[in-house]
Amino acid sequence: MNFDPIYKELSDRLGVWESERFLKILDAMLTPPEAKICMELFEPATCPELAEKLGMDQKEVQKKLDVLVDKGMLTRGLTQYAFHTTLLAFHHECVGDTAPFEGPYALTDEIKALWADFYYNEWSYKFMEHIEEMVGKTGKNLPISPAIGALDRSPNIKPEDIMPEEDFKLKIKNAKSRILAPCGCRVSWGYECDKPLMVCFACFDRPRGEYYHNLPGRLLKEVTYEESLEAVKTAEEAGLVHWGDCFCCDSCCENLFPITRGKRYDLMTPNRFAAICDEDKCTGCRKCLDRCYFEAIEMRPSKNDPEKMKAYVIPEACKGCGLCIITCKPNALTYIIVRPPEYLKPKPLEGGEEPPPFPVWGHYYLK
């Protein structure tokens, strides 16, 4: 296919490799003049500033900016506008959690299919390379968060044992604004996934959430403390891994899918907790095996009765997601703490440099 050169420029600025699939996406979602405006906004600018740079009438530029914001192509603040400086940010804004799903700019089946083709056949492999690079530099990926339901079902874990940064219930309680969004992966390329949709906390207690939940066509909604906890419960019971702001499955999650596809469990950083099984309570139902994404549970002969098979958690393989604990009816599985609080501190790079953030986002905080 022959594409307008502006799409190649935009792709290059987003750091995308040579990809005809991604050029098809840009061609389907942006006109060349719109792409030109996006190119000018890799650095935030106000409408008057952009109009002067483009040599255009300010009112005409404002109309174009409003359309691009409604389409999810631009992020905006009170006065500034900006394009997305990374592919990851571009995805989340234009077809992910803050994208329009109703109205004149709603995502079409054609665009979703283009993104699915791009993600599953190209981007997911590049994402794996990115994760490998980050782990190589810092020694860690973003640690999996312990499940609220698993903590609640572990009587030996006291409130004072839980660090503030791993206490998601505390984060929900202290939030000034509670805005839920649809899972950015599930609504784009993972539209055939049957897992719960409204489980994304990427907009929770953040300026972009407060802005986007009022924009037309968006699915974001403001929720109460109780509704927030219910969303977490729904996600955990459905078997979604709590990772950062996301609740992930192994069929479409931008992080978890490529890792589980390649069984690169070494790239998943565990938290401070691990599951342990009390074989006296275990009934051998095997449900926990199906709940574990990381092959960290196996059935072994009981110590007391070798003819009966009981669940056994492999300590070095457990990531601490807690999904096995939540649905264990006899409460045979519980959390134990296996790492000290110091484990959560980021590993400094050579020369004392601060480790880079993971993942790298685009412009979300504008004036």
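The values are calculated or read from the model by the stated rules, or taken from the named source; none is laboratory data. Computed from a predicted structure; not experimentally measured. Glycine gets a Cβ as well: all are built from the backbone with ideal geometry, and neighbour counts include every protein chain shown.
Listed here are the strands (runs of 3 or more DSSP E) enclosed by the range 295-340 that have at least 2 residues being in contact (Cβ under 8 Å) with a residue 40 or more places away in the chain and among the β-branched types (Val, Ile, Thr): 333-337. Among the numbered criteria (1) under 23 Å from THR327 (Cα atoms); (2) modelled with pLDDT of 95 or more; (3) within 20 Å of the chain's Cα centre (by Cα); (4) surrounded by fewer than 21 Cβ atoms within 10 Å (Cβ to Cβ), which single criterion is violated by CYS193? Result: CYS193 passes all but (2).
Restricting attention to the range 72-111 and to residues that are without any contact (Cβ under 8 Å) to a residue 40 or more places away in the chain and surrounded by 18 or more Cβ atoms within 10 Å (Cβ to Cβ), the residue that is farthest from CYS183 (Cα to Cα) turns out to be LEU74. As a summary of the residue check, ALA238 satisfies the conditions (1) assigned by TED's automatic domain parsing to the domain that holds ASN156; (2) over 15 Å from VAL199 (Cα atoms); (3) surrounded by fewer than 20 Cβ atoms within 10 Å (Cβ to Cβ) except for the one numbered (2). With respect to the conditions (1) at pLDDT 95 or above; (2) in the same structural domain as PRO216 (by TED's automatic domain parsing), MET134 lacks only one, and its number is (1).
The condition of being more than 21 Å from ARG261 (Cβ to Cβ) and either under 16 Å from the mean Cα position of the chain (by Cα) or outside the structural domain of LEU333 (by TED's automatic domain parsing) (or both) holds for only one of LEU114, LEU142, LEU107, that being LEU107.
How many residues are aliphatic (A, V, I, L, M) and either surrounded by fewer than 18 Cβ atoms within 10 Å (Cβ to Cβ) or in contact (Cβ under 8 Å) with a residue 40 or more places away in the chain (or both) if we restrict to the range 46-71?
Let us first name the residues in the range 46-71 that are aliphatic (A, V, I, L, M), namely 50-51, 54, 56, 61, 65, 67-69.
In the following step, the residues that additionally are either surrounded by fewer than 18 Cβ atoms within 10 Å (Cβ to Cβ) or in contact (Cβ under 8 Å) with a residue 40 or more places away in the chain (or both) were identified as 54, 56, 67, 69.
Going through the range 46-71 one residue at a time, the tally reaches 4.
Is the range 178-190 home to any residue that is of a type in the set (A, V, I, L, M, F, W, C), assigned to a loop (DSSP other than H, G, I, E, B), under 30 Å from TYR120 (Cβ atoms) and more than 14 Å from the chain's Cα centre (by Cα)?
No, the range 178-190 contains no residue that is of a type in the set (A, V, I, L, M, F, W, C), assigned to a loop (DSSP other than H, G, I, E, B), under 30 Å from TYR120 (Cβ atoms) and more than 14 Å from the chain's Cα centre (by Cα).
Kindly indicate the residue of the range 288-313 that is under 16 Å from LYS263 (Cα atoms) and hydrophobic (A, V, I, L, M, F, W, C) and also surrounded by the fewest Cβ atoms within 10 Å (Cβ to Cβ) among those meeting that condition. The qualifying residue surrounded by the fewest Cβ atoms within 10 Å (Cβ to Cβ) is LEU289.
Could you run through the range 26-45 and say how many residues are hydrophobic (A, V, I, L, M, F, W, C) and either surrounded by fewer than 19 Cβ atoms within 10 Å (Cβ to Cβ) or outside any helix (DSSP H, G or I) (or both)?
Step one: list which residues in the range 26-45 are hydrophobic (A, V, I, L, M, F, W, C), which gives 26, 28-30, 35, 37-39, 41-42, 45.
Next, from what is left, pick out any that are either surrounded by fewer than 19 Cβ atoms within 10 Å (Cβ to Cβ) or outside any helix (DSSP H, G or I) (or both): 28, 30, 39, 41-42, 45.
Residues meeting the conditions: 6.
What's the total number of residues in the range 150-166 that are surrounded by fewer than 18 Cβ atoms within 10 Å (Cβ to Cβ) and outside any helix (DSSP H, G or I)? Spell out the reasoning first.
Taking the range 150-166 as the starting set, the residues that turn out to be surrounded by fewer than 18 Cβ atoms within 10 Å (Cβ to Cβ) are 152, 155-156, 158-161, 163-165.
Filter once more, keeping what is outside any helix (DSSP H, G or I): 155-156, 158, 163.
Summing the residues that are surrounded by fewer than 18 Cβ atoms within 10 Å (Cβ to Cβ) and outside any helix (DSSP H, G or I) in the range 150-166 gives 4.
Do we find that ARG208 is outside any loop (DSSP other than H, G, I, E, B) and either within 17 Å of the chain's Cα centre (by Cα) or outside the structural domain of GLN80 (by TED's automatic domain parsing) (or both) in this structure?
Details: outside any loop (DSSP other than H, G, I, E, B): yes; either within 17 Å of the chain's Cα centre (by Cα) or outside the structural domain of GLN80 (by TED's automatic domain parsing) (or both): yes.
Considered against the rule, which asks whether it is outside any loop (DSSP other than H, G, I, E, B) and either within 17 Å of the chain's Cα centre (by Cα) or outside the structural domain of GLN80 (by TED's automatic domain parsing) (or both), ARG208 comes out as yes.
Quick check on CYS282: is it more than 19 Å from CYS248 (Cβ to Cβ), at pLDDT 95 or above and in a loop (DSSP other than H, G, I, E, B)? Here the answer is yes, as CYS282 does meet what is asked.
Considering only residues that are part of a loop (DSSP other than H, G, I, E, B) and crowded, with 18+ Cβ neighbours inside 10 Å, look in the range 211-222 and name the one that is modelled with the lowest pLDDT. Going through the qualifying residues, I end up with HIS213. Of all residue pairs spaced 6 or more apart or on separate chains, those with beta-carbon atoms under 7 Å, a first member in the range 152-176 that is of a type in the set (D, E, K, R) and a second member that is surrounded by 18 or more Cβ atoms within 10 Å (Cβ to Cβ) and assigned to a helix (DSSP H, G or I) are ARG153/ILE325; ARG153/ILE326; LYS169/ILE148.
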